[in-house]
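Step one of this worksheet: look at the structure below.
The values are calculated or read from the model by the stated rules, or taken from the named source; none is laboratory data. In this text, all values refer to a predicted model and were calculated from it rather than measured experimentally. Cβ placement follows ideal geometry from the backbone for every residue including glycine, while neighbour counts extend to all protein chains displayed. Accessible surface is based on the protein model in full, side chains and every heavy atom, while ligands, DNA and RNA are left aside. Shrake-Rupley method; radii C 1.70, N 1.55, O 1.52, S 1.80 Å.
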Number of protein chains: 2
Amino acid sequence: MTQEVQRAEEAIEKARAGKNVCLVSSGDPGIYGMAGVILELLKKTEIGKIPIEIIPGITAASSSASLLGAPLMNDFAVISLSDLLTDSKIIEKRIRSACQGDFVIVFYNPKSKKRIKPWQKAWQIMMRYRSPGTPVGIVRNARRANEEVTITSLKDMLAAREIDMGTTVIVGNSKTFIKGGYMVTPRGYKMEKNPL
Amino acid sequence: MTQEVQRAEEAIEKARAGKNVCLVSSGDPGIYGMAGVILELLKKTEIGKIPIEIIPGITAASSSASLLGAPLMNDFAVISLSDLLTDSKIIEKRIRSACQGDFVIVFYNPKSKKRIKPWQKAWQIMMRYRSPGTPVGIVRNARRANEEVTITSLKDMLAAREIDMGTTVIVGNSKTFIKGGYMVTPRGYKMEKNPL
């Protein structure tokens with residue numbers, strides 16, 4: 001976190017000095033990435049003077065989903081469990097809202113060595129709303145070295161495998177199913193009555 | 001929609017005949033795209049026999065956000081307003097839930113020539129929960145020919161510009177702001193007290 005701000009400040013300083021600077025961010029810089037850090041750091045008056053181009057990337061929701069099957073074929077919510085910048089009460093409220101709306105839920109930054117509680121709390125909330133058998137996909141180091149893909153259920157989610165900050169977790173909605181090892185959310189509820 | 005199924009069936013047929021087939025999908029095939037159509041069409045017994053690789057792409061949420069600024073730096077919900085496959089009651093419930101959770105909301109397929117009601121209804125619901133001044137970003141043909149980017153407010157959203165199926169709409173949360181022509185959602189609520 002502190003490093004992110006330092007990197008952004010360094011990039012801005014170099015740009016102020018007239019250099020062309022490229023700031024690299026993993027995944028999509030616009031989703032919990034460096035794009036927002038740069039825009040928040042720049043003063044309003046500087047935005048016109050220092051031209052910025054944000055180049056979108058493939059966010060962890062997309063790269064992880066592609067390894068699990070097709071879990072994001074219906075509406076979904078993306079929630080970061082890092083309570084460093086967002087109050088845990090707000091995070092919990094969002095998990096409840098996402099459950100009430102039957103959204104597929106994608107968790108970013110689920111857990112770190114020191115931060116375990118939000119992950120356990122998320123599980124408790126979801127167990128109140130969703131069936132214990134709800135499919136859950138856990139992807140670590142998606143499309144990188146030591147990639148690991150696990151499909152489990154909500155009930156077994158906490159014990160299924162080691163979770164860290166490089167892990168993305170996708171929790172299915174009420175219609176998500178496992179088929180031939182793939183996690184799939186049907187595109188439409190209406191398809192049930194009238195399957196393709 | 002019918003064309004999508006036809007295309008997927010054709011691809012599967014060619015794969016059954018032993019060909020290597022690449023099925024191209026715009027944006028990310030895993031987000032309302034062709035990946036799910038293929039997996040839903042394949043019978044369980046065929047999934048092992050016909051190996052599939054899903055290659056993730058840049059979804060409209062990412063490409064549109066990159067043109068608006070950094071609206072997705074905090075938790076967000078992605079909702080398709082197409083009621084072709086999902087019941088409008090479920091869509092409306094999701095919009096309410098997303099509002100209750102103060103999610104940034106990204107709308108896919110907001111409106112077509114024949115389907116105008118879900119878009120008007122979405123606006124009515126959001127006006128009940130969010131301030132009329134909430135920033136709204138409208139992006140048409142993101143990163144394509146005839147790209148159009150508009151930043152407006154929730155109040156003026158309906159009249160702001162022509163909306164079609166190639167348009168993505170991003171509605172800010174309670175903290176989203178406009179700064180120097182950019183739409184930005186702060187990464188954390190805690191940053192307000194202790195800005196970077």
Legend entry - Residue-by-residue Karplus 3J(HN,Hα) for the range A:117-129, coefficients 6.51, -1.76, 1.60, Hz, glycine and proline x: 4, x, 5, 5, 5, 4, 5, 4, 5, 5, 5, 6, 9
Inset, instruction - State, in square angstrom and to the nearest 100, the accessible area buried between chains B and A, both chains counted, probe radius 1.4 Å. - result: 5900 Å²
Inset, instruction - For residue B:143, place a label point 7 Å out from Cα along the Cα→Cβ vector, do the same in each other copy, and report the separations in nm, one decimal, smallest first. - result: 1.1
Inset, instruction - Normalising by the residue count of the range B:77-150, find the relative contact order in percent from Cα pairs under 8 Å and 6+ residues apart. - result: 29 percent
Inset, instruction - For the protein assembly as shown, give the percent of accessible area contributed by carbon and sulfur heavy atoms, probe 1.4 Å, rounded to a whole number. - result: 50 percent
Legend entry - Teacher prompt: residue A:159 distances to equivalent labels in other copies, 7 Å Cα→Cβ, nm: 6.1
Inset, instruction - Calculate for the protein assembly as shown the 222 nm mean residue ellipticity that helices alone would give, adding -39,500 (n - 2.57) per DSSP H run of length 4 or more and normalising by residue count, nearest 500 deg cm²/dmol. - result: -10000 deg cm²/dmol
Legend entry - Inter-label distance, nm, simple model (7 Å from Cα along the C-beta direction), residue A:160/residue B:17: 3.9 nm
Inset, instruction - Name the residues whose placed amide hydrogens come within less than 5 Å of the amide hydrogen of residue B:183, ignoring near sequence neighbours (fewer than 5 apart) on the same chain. - result: B:69, B:70
Legend entry - Peptides A:88-98, B:63-73, B:99-109 ordered by average Cβ neighbours within 10 Å, highest first: B:63-73, B:99-109, A:88-98
Inset, instruction - Could you please state, rounded to a whole Å, how far the C-alpha centre of the range B:69-99 is from the C-alpha centre of the range B:120-192? - result: 13 Å
Inset, instruction - Compute the distance in nm between two label points, each set 7 Å from the Cα along the Cα-to-Cβ direction, one at residue B:128 and one at residue A:84. - result: 3.8 nm
Legend entry - chain A - accessible surface per residue (Å², probe 1.4 Å): 46 Å²
Inset, instruction - Distances from residue A:41 to the same position in the other copies: list them in nm, one decimal, shortest first, using label points 7 Å from Cα along Cα→Cβ. - result: 4.7
Inset, instruction - Provide the per-residue ³J(HN,Hα) series for the range A:54-69, in order, calculated from phi with Karplus coefficients 6.51, -1.76, 1.60 and θ = phi - 60°, each as a whole number of Hz, with x at glycine and proline positions. - result: 9, 9, x, x, 8, 6, 4, 4, 6, 5, 5, 4, 5, 8, 8, x
Legend entry - Computed E for residue A:24/residue B:9 - FRET, C-beta separation, R0 45 angstrom, nearest 0.05: 0.65
Inset, instruction - Quote the relative contact order of the range B:85-196 in percent (integer), defining contacts as alpha-carbon pairs under 8 Å separated by 6+ residues. - result: 29 percent
Inset, instruction - Run down the lysines and flag those whose C-alpha is under 20 Å from the C-alpha of residue B:49, throwing out any fewer than 8 positions away in its chain. - result: A:179, B:14, B:19
Legend entry - Hz values of 3J(HN,Hα) by residue in the range A:178-184 - Karplus curve (6.51, -1.76, 1.60), Gly and Pro given as x: 9, 9, x, x, 9, 9, 10
